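Working notes, beginning with the structure itself.
The values are calculated or read from the model by the stated rules, or taken from the named source; none is laboratory data. These figures come from a predicted structure and were not determined experimentally. Every residue, glycine as well, gets a Cβ built from its backbone with ideal geometry; the counts of neighbours run over all protein chains shown. Accessible surface areas use protein heavy atoms only, side chains included; no ligands, DNA or RNA. Shrake-Rupley method; radii C 1.70, N 1.55, O 1.52, S 1.80 Å.
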Amino acid sequence: MFKVKLLKKLYQFFQKLMETIVSLLSVGLLASFSTARKFEKLDINKKNDTCYILGNGPSLKTDLEKDMELFCNNDVIVVNTMCKSQQYKVIKPKFYILLDPICFDPEWNEYDAVVEGLLSTDWEMFLLLPINLCPKEFHSIFASKPNLKIVFFNVIRVVGFPKISFFLYKHGLGMPYLRNVMTQAIMCAINKDYKKIILYGADHSWTRDLDADEKNRIYIKDKHFYEDDVKRYLPVGMYREYLYQHYLTFLSHHIMNKYAKYRGSRIINKTKYSFIEDYDTEE
């Protein structure tokens, strides 16, 4: 039994060691240090030390009806396709974050709606974009909108020994597994020194939305607060990868909770029936 435990600890140590080495090499070769410095020096004129992050999960619809005044009077981060909703111009978020490469693809069926929504922004807002993934053709669209402050961030996977990872996170040189934009939103809030970070619309209930038809074809019932469910079939063989990627999403939240505590911040998940189990649910 002792040998088994020892072998397990050695395996875990060398796994962390390899992850750390790969992360450091990735940062050294791929990270933009000037981008990281610009984000660190960014003056955002916070209203207070609390930041609200709104995901696009179906539960957000109820929260927007109930807590709209709360969101309007505080610093808010929104993500992905939020600008398609009617509430976007009411809330006037301080930050808007895009991460998924599909957001920058003109062939994406929601591309035009997102671009038009962002162009309709008539208040000062920071538009955060991944420097490694966002083509110049996309961010140049907003050159005529001085109220949209384009801010880039590094998208380098950094995992391994926590002290090294957290140092790199703090200086904007990486993030955990690059699967979900909520991770980057939380990272942004922590690194801009918000002490209380409150999540809404972070349902992460994808497993509940999975189903199969009579031909064993697996599909997802995509749910967002601003539209009806959309049935989307997974390509054959994609189901395993789909589950693995969501495992990485939840692992990223686990890491973010530890990073928040390391930086003296607290993450509170106010999403009802959320599948994220790492964060506190009460203030």
(request) Could you figure out which of (1) at pLDDT below 95; (2) more than 19 Å from Ile267 (Cα to Cα); (3) among the polar types (S, T, N, Q) isn't true of Ser34? (result) (1)
(message) I need the full set of residues from the range 164-176 which are at pLDDT below 95 and either surrounded by fewer than 18 Cβ atoms within 10 Å (Cβ to Cβ) or not in a loop (DSSP other than H, G, I, E, B) (or both), in order please.
(response) Met175
(request) Read through the list (1) outside any strand (DSSP E or B); (2) open to solvent by 20 Å² or more (accessible area, probe 1.4 Å); (3) in contact with a helix residue (DSSP H, G or I) (Cβ under 7 Å, 6 or more places away or on another chain), then give the number of the only condition that Cys134 fails. (result) (2)
(message) Can you list residue pairs whose Cβ atoms sit under 9 Å apart, with the first residue in the range 7-22 being within 12 Å of Val159 (Cβ to Cβ) and the second being open to solvent by 100 Å² or more (accessible area, probe 1.4 Å)? Count only pairs 6 or more apart in sequence or on different chains.
(response) Val22/Arg157
(message) Suppose the filter is part of a helix (DSSP H, G or I), at pLDDT 85 or above, farther than 30 Å from Tyr11 by Cβ and open to solvent by less than 70 Å² (accessible area, probe 1.4 Å); does Ala202 pass it?
(response) no
(request) Among the residues of the range 261-279, count how many are over 20 Å from Asp63 (Cα atoms), part of a loop (DSSP other than H, G, I, E, B) and open to solvent by 30 Å² or more (accessible area, probe 1.4 Å). (result) 3
(request) Would you point out which residue out of Asp63, Asp100 is under 19 Å from the mean Cα position of the chain (by Cα) and at pLDDT below 95? (result) Asp100
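Name every residue in the range 141-158 that is open to solvent by less than 60 Å² (accessible area, probe 1.4 Å) and either out of contact with any helix residue (DSSP H, G or I) (no Cβ under 9 Å at 6 or more places or on another chain) or outside any helix (DSSP H, G or I) (or both), in order of residue number. Working first, answer last.
Here is the first cut: in the range 141-158, the residues open to solvent by less than 60 Å² (accessible area, probe 1.4 Å) are 141-142, 145, 147-148, 150-156, 158.
Lys145, Asn147, Leu148, Ile150, Val151, Phe152, Phe153, Asn154, Val155, Ile156, Val158, listed by residue number.
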(request) Name the single residue, out of those in the range 208-222 being open to solvent by less than 50 Å² (accessible area, probe 1.4 Å) and under 22 Å from Ile276 (Cβ atoms), that is modelled with the lowest pLDDT. (result) Asp222
